[in-house]
Amino acid sequence: MTTVAASTTDPRAAAELVARHRPGHALEAPFYISQDLFDLDIATVFARHWFFVASEAEIREPGDYLTIDIGDYSVIVLRDDDEEVAAFHNVCRHRGARLLNEDRGAVGNLVCSYHQWTYATDGSLLTAGLQAPGFDKSCFGLKRVHARSVDGLVFICLAADPPADFDDVAGLVTPYLAAHQLRHTKVAAQEDLVEQGNWKLVMENNRECYHCEGGHPELTCTFFPTYGYAPDAIPKRLQPAHTRYLEAQAALERACEQRGLPHAPIEELSGRPTAFRVQREALDGAGESYTRDGSAASRRLLGELDSPRLGRLSVHYQPNSWFHFLADHAITFSVIPLAADRTLVRTTWLVHEDAVEGVDYDLATLTDVWHQTNHQDSTFVARAQAGVRSPAYVPGPYSPTETHVDAFVTWYLERLQEALG
Amino acid sequence: MTTVAASTTDPRAAAELVARHRPGHALEAPFYISQDLFDLDIATVFARHWFFVASEAEIREPGDYLTIDIGDYSVIVLRDDDEEVAAFHNVCRHRGARLLNEDRGAVGNLVCSYHQWTYATDGSLLTAGLQAPGFDKSCFGLKRVHARSVDGLVFICLAADPPADFDDVAGLVTPYLAAHQLRHTKVAAQEDLVEQGNWKLVMENNRECYHCEGGHPELTCTFFPTYGYAPDAIPKRLQPAHTRYLEAQAALERACEQRGLPHAPIEELSGRPTAFRVQREALDGAGESYTRDGSAASRRLLGELDSPRLGRLSVHYQPNSWFHFLADHAITFSVIPLAADRTLVRTTWLVHEDAVEGVDYDLATLTDVWHQTNHQDSTFVARAQAGVRSPAYVPGPYSPTETHVDAFVTWYLERLQEALG
Amino acid sequence: MTTVAASTTDPRAAAELVARHRPGHALEAPFYISQDLFDLDIATVFARHWFFVASEAEIREPGDYLTIDIGDYSVIVLRDDDEEVAAFHNVCRHRGARLLNEDRGAVGNLVCSYHQWTYATDGSLLTAGLQAPGFDKSCFGLKRVHARSVDGLVFICLAADPPADFDDVAGLVTPYLAAHQLRHTKVAAQEDLVEQGNWKLVMENNRECYHCEGGHPELTCTFFPTYGYAPDAIPKRLQPAHTRYLEAQAALERACEQRGLPHAPIEELSGRPTAFRVQREALDGAGESYTRDGSAASRRLLGELDSPRLGRLSVHYQPNSWFHFLADHAITFSVIPLAADRTLVRTTWLVHEDAVEGVDYDLATLTDVWHQTNHQDSTFVARAQAGVRSPAYVPGPYSPTETHVDAFVTWYLERLQEALG
């Protein structure tokens, strides 16, 4: 994207790759290893769609900010002086210096360290040293990036005209989130993991549990091993787990209905720009939270919830995130492409804003299952990346337990088709 | 090779470079530094020819395996359940994960860690979890790579149709190797050295001893300094060494004839796909082995050999290896390109399978000369790579002592010509 | 530059970028981040113009040398046996090995470590081992690089036909330098700093002091904060400093006239291949040198100077250097591009050849201000590089204090225009 020469991304070659995709099969190698396709992913997927970057709990006070680097972009996400979430390109309007150079912090105004150009939290240029007559400060405010908070989850969109269907999705998902009151949470822990694979391998890995039984001993303490199977395709050896799941799910649904909590799945993982899936599902074991025995990790429940036994409310969002909301805590995951073969996965554990570490929750217990699971997934992603590079790689068929992988791939190819015309 | 855009390797530009090569002179810079030509080397030289990867001593038991990465390929070389050497692409047929992730090891079946697809050592798919009706396991065996053992030396070929002349070469070389009984050796030591230069600079460096006198004090204890000189071009100062060589060579030939060991040189280093040179030559000093004084490094001789004083049987093989077989041990060298400017050189010291370390041989003595020599060569290769990058570099003429370098370069250009048509 | 494929630098695309430059504004992003434009900068700016590499004090004795790597070139700069400064491509004429592999040193002859080809300090090939009849040593001397010393400052030019106007510039600048007698200095300290930004960002940063007040607390002890302002545009808050500057400058000019030292500015920073600016200006504080209080850092003044209070003689040179000559010491700065986003800045502190460390000068005091200033600048350059990568970056307008930045950019674009035709 940064070359003087005509862009090396040949749209016809990309369109041909998209066109020859074999339905129900994995993507061909160039989608995972080509620099051209990585540039195309940034330009067509990340620069045109809403993606998740943080929860409001990370920027609680006016002036609190974090910076997000994506492709060649750098974006400031902050709470402005009106206490609203806002986002700006992290580029001084003078000679282009990066304005804020820490991952996160708090500022009064936004002051460029180079020549002290100073911007308010609404992006307007306040002072710029001596300038020639005719210099119009109003022309040099920071360039704004679209930002939206969905009940505490912050999404941004780099496009001039973001996909219009985001509002619909926000409207559909908000009723599920409401009871967890994310705006009254705080960050208990955050973990950044740089995985050695393409961002789509990270997403695909998240979209199936075919690998859970063999790969995630901690997660499968509470994650039913039947996840992803069609009910009529549960293998015999998993029938006892399935029966246990059906009973737990029925109990969960009763509990939700007593409390007016929506629980029915909505699944729109392809066929629209803003694609998602939401569902409240039972957990195995004690059924309360992601711990080894399934019991709650925090005694202080989120919002006004009166029972820890509310399973997991899971949201899967495309292009780049997934979320688990338990009665006692919430976990957000964001996927940020760094290079064709390197991806940042940021995991954030949120607890009630009044929960006290060491009293209400133990940090190691809270983070244990997903810390282990993330690292296991990181190994799988690295092995997938290493393998698909081979000229001998031929995409294999998805099994019936990989329908959400298939849906993600379908959605992704729709995005490219739309962009390539 | 991995780009969506049309390949940036312009065959006409490559063909033009080949065509303008000046006979008797070093190659032009792009052959050593261009990513395009590196990709071409992998595609035309390494992906189409037999190259050496290991000795059978490295995979003695069924299930023993090693993995070889070359270009974007990864290959498993193993001993199968029928005790035959076999090779497979190291790529799961499901979603392409790298199957075996260690450099070497031992397995019963080959199990992909991701979703537990399980293959037998003959590559057939045994189990693949739940699959849709109609899934035919027989279509998803591991993709096989051609593998051949020449009296214990394992070669592989990635091409669908390997060069047919390999059998001839195997037939010519085997009588020389036989007495050393490589299948009854074990690995005493192995050293991987990543050299900071193009693989062809590594090969060229190996193909002349012009640099030995100034650069290899340990090797020249036993390596006659006249190596590579035409008999009528021996410089005066080397005449005493030449006389010593002639006497030693005559004695060696008598010893060989008494024992029925072939010793006459065969040299076919260009003009054919599978190019090689074999010759048994005398060593200086005690004349037995590569040590500082030339005496044997292992008391347990290879095979049924009854004398340590059998010089060195040296095989030079293209594209990627050379071998020295002494009476007391053997050394194999494999050259694996890693990038245009980085190359793996793997050196393996083999001794009789019954030789006991500390009793029959001392490891430091055994490996001393070639360990030092390899590291000296690595410095030369790095300096050559650094120098040829300069736009001021003009290929100079080969001297009469560099005929094997010239032969290697000729063979290499023949390979490109053949591929470029 | 090193690809087999047709060069990816599209001259039309580069010419279009040059043509659409908006006068008075910063350069567009590709000039700082594109590999193609980096290659073009090396080929058109550095390979065609005289650039500064060292002072003669670094190569005092015959055989003393240093090596300079620039783009893919490596150059030996040495004092030859006739005590003249000479330069050669650092490439053996045999198989291209890098000849001298240290940053600096001293040699009798230049001997290639690979095959012992041996060259005299005038570049002629003395010996080359055994060669075929007809080998003509006189055809294989080292390739010479143009080298010139301007009163002790060594410049080289890689072009066959260097810009002819260098002699004029040397003639104009020499009278200013003469009294400092650089040929009678020695190196007190040298510091290499690899900055994380394009070489033009390094140069632009040097060409304005807009950032000094906020960014260089040590430098602004003696550097008048009005540097770069037009006299009629001095902001009110800087009027006291301006008055102080005018008085100091008047005193300096009187002192220069008493001693016959030229002091009037000459500024030709664009419009010619060899562009420069020279001026003797007053320093703030004690007015003698770059220290926290402005007093001299070395008691032994340069040359025959009889007063420490002679301000700073500053030379700004394009493409790659600036110099400050004080009464007590001199500092040279050279800028060497390493990659599109990495640049070497070498700072050398010179004192009288008879000055004694610990007696005449304290090394920490001598180097303090510019050591701090360089590191501060390095941070600014890194932030500029990080910022301009963003697709959201739009070049902003230069302020009236950035006229020398504008002149540098103008000169640079002239160079590209000349090369692109």
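Of all the listed residues (C:327, C:364), the sole one being in contact with a Pro (Cβ under 6 Å, 6 or more places away or on another chain), hydrophobic (A, V, I, L, M, F, W, C) and within 20 Å of residue C:291 (Cα to Cα) is C:327. Looking across the stretch B:379-421, the residues that are under 30 Å from residue C:158 (Cα atoms) and among the small types (Gly, Ala, Ser) come down to B:382, B:384, B:386, B:387, B:390, B:392, B:396, B:399. Could you check, for the stretch B:307-316, whether at least one of its residues is under 20 Å from residue B:359 (Cα atoms) and part of a loop (DSSP other than H, G, I, E, B)? Yes, the stretch B:307-316 contains a residue that is under 20 Å from residue B:359 (Cα atoms) and part of a loop (DSSP other than H, G, I, E, B). Summed over the stretch C:275-323, residues that are within 19 Å of residue C:257 (Cα to Cα) and of a type in the set (Lys, Arg) total 3. If you filter the stretch C:351-404 down to residues that are more than 28 Å from residue C:189 (Cα to Cα) and aromatic (Phe, Trp, Tyr), you find that the one that is surrounded by the most Cβ atoms within 10 Å (Cβ to Cβ) is C:393. Check the stretch A:2-21 and report whether any residue there is buried (at least 19 other Cβ atoms within 10 Å of the Cβ) and charged (D, E, K, R). Among the residues of the stretch A:2-21, not one is buried (at least 19 other Cβ atoms within 10 Å of the Cβ) and charged (D, E, K, R), which makes the answer no. Across the stretch A:105-124, the qualifying residues are those that are in a strand (DSSP E or B) and more than 10 Å from chain C (Cβ to nearest Cβ), and the one among them that is nearest to residue A:62 (Cα to Cα) is A:106. The numbered conditions (1) more than 21 Å from the chain's Cα centre (by Cα); (2) at pLDDT below 95 are all true for residue C:227 except (1). Checked against (1) free of Cβ contacts under 8 Å to residues at least 40 places away in the same chain; (2) at the interface with chain C (Cβ under 7 Å from one of its Cβ atoms); (3) of a type in the set (Lys, Arg), residue A:137 meets all criteria but (2).
The number of residues in the stretch A:387-404 being assigned to a helix (DSSP H, G or I) and facing chain B (nearest Cβ under 8 Å) comes to 4. Residue C:146 satisfies every condition listed in (1) in contact with a Cys (Cβ under 6 Å, 6 or more places away or on another chain); (2) free of Cβ contacts under 8 Å to residues at least 40 places away in the same chain except (2). Of the residues B:255, B:264, B:250, the single one that is closer than 19 Å to residue B:326 by Cα, without any contact (Cβ under 8 Å) to a residue 12 or more places away in the chain and of a type in the set (A, V, I, L, M) is B:250. Scanning the stretch C:213-236 for residues that are outside any helix (DSSP H, G or I) and either away from chain A (no Cβ under 14 Å) or among the charged types (D, E, K, R) (or both) gives C:218, C:222, C:223, C:224. What about residue A:267, is it in contact with a strand residue (DSSP E or B) (Cβ under 7 Å, 6 or more places away or on another chain), closer than 30 Å to residue A:358 by Cα and outside any loop (DSSP other than H, G, I, E, B)? Taking the combined requirement at face value, the residue does not satisfy it.
Restricting attention to the stretch A:71-94, does a residue exist that is aromatic (Phe, Trp, Tyr), within 14 Å of chain C (Cβ to nearest Cβ) and under 30 Å from residue C:381 (Cα atoms)? Yes, the stretch A:71-94 contains at least one residue that is aromatic (Phe, Trp, Tyr), within 14 Å of chain C (Cβ to nearest Cβ) and under 30 Å from residue C:381 (Cα atoms).
Residues considered: B:32, B:65. Of these, the only one that is touching a helix residue (DSSP H, G or I) at 6+ places or on another chain (Cβ under 9 Å) and either under 30 Å from residue A:381 (Cα atoms) or surrounded by 22 or more Cβ atoms within 10 Å (Cβ to Cβ) (or both) is B:32. Can you say whether residue A:377 is farther than 19 Å from residue A:58 by Cα and either free of Cβ contacts under 8 Å to residues at least 24 places away in the same chain or assigned by TED's automatic domain parsing to the domain that holds residue A:201 (or both), as far as the supplied structure shows? In short, yes. Within the stretch B:28-38, the set of residues being facing chain C (nearest Cβ under 9 Å), outside any helix (DSSP H, G or I) and within 26 Å of residue C:131 (Cα to Cα) comprises B:29 only. Looking at the structure I just gave you, is residue A:97 of a type in the set (A, V, I, L, M) and over 30 Å from residue A:200 (Cβ atoms)? So residue A:97 fits the description; yes. Within the option set B:135, B:155, being in contact with a strand residue (DSSP E or B) (Cβ under 8 Å, 6 or more places away or on another chain) and more than 30 Å from residue B:174 (Cα to Cα) holds for one residue only, B:135. Residues in the stretch C:230-272 that are under 26 Å from the mean Cα position of the chain (by Cα), surrounded by fewer than 16 Cβ atoms within 10 Å (Cβ to Cβ) and among the aliphatic types (A, V, I, L, M): C:230, C:264, C:266. May I ask you to verify whether residue C:384 is touching a His at 6+ places or on another chain (Cβ under 7 Å), at pLDDT 95 or above and within 14 Å of chain A (Cβ to nearest Cβ)? No.
Among residues of the stretch C:60-92 being among the charged types (D, E, K, R) and in contact with a Lys or Arg (Cβ under 8 Å, 6 or more places away or on another chain), the one that is nearest to residue C:121 (Cα to Cα) is C:79.
Condition test on residue B:407, is it more than 11 Å from chain C (Cβ to nearest Cβ), out of contact with any Phe, Trp or Tyr (no Cβ under 7 Å at 6 or more places or on another chain) and buried (at least 19 other Cβ atoms within 10 Å of the Cβ)? When the stated conditions are applied, residue B:407 passes them. Report every pair of residues separated by at least 6 positions or lying on different chains whose Cβ atoms are under 7 Å apart, first residue within the stretch C:83-106 and without any contact (Cβ under 8 Å) to a residue 24 or more places away in the chain and more than 18 Å from residue C:129 (Cβ to Cβ), second of a type outside the set (Ser, Thr, Tyr) and assigned to a strand (DSSP E or B). Close Cβ pairs satisfying both conditions: C:90/C:75; C:90/C:76; C:90/C:98.
Of all residues in the stretch C:297-307, none are within 24 Å of residue C:242 (Cβ to Cβ) and surrounded by fewer than 21 Cβ atoms within 10 Å (Cβ to Cβ).
The values are calculated or read from the model by the stated rules, or taken from the named source; none is laboratory data. Please read all numbers here as calculations on a predicted model, not as lab measurements. No Cβ is skipped: glycine too gets one built from the backbone with ideal geometry, and neighbour counts run over all protein chains shown.
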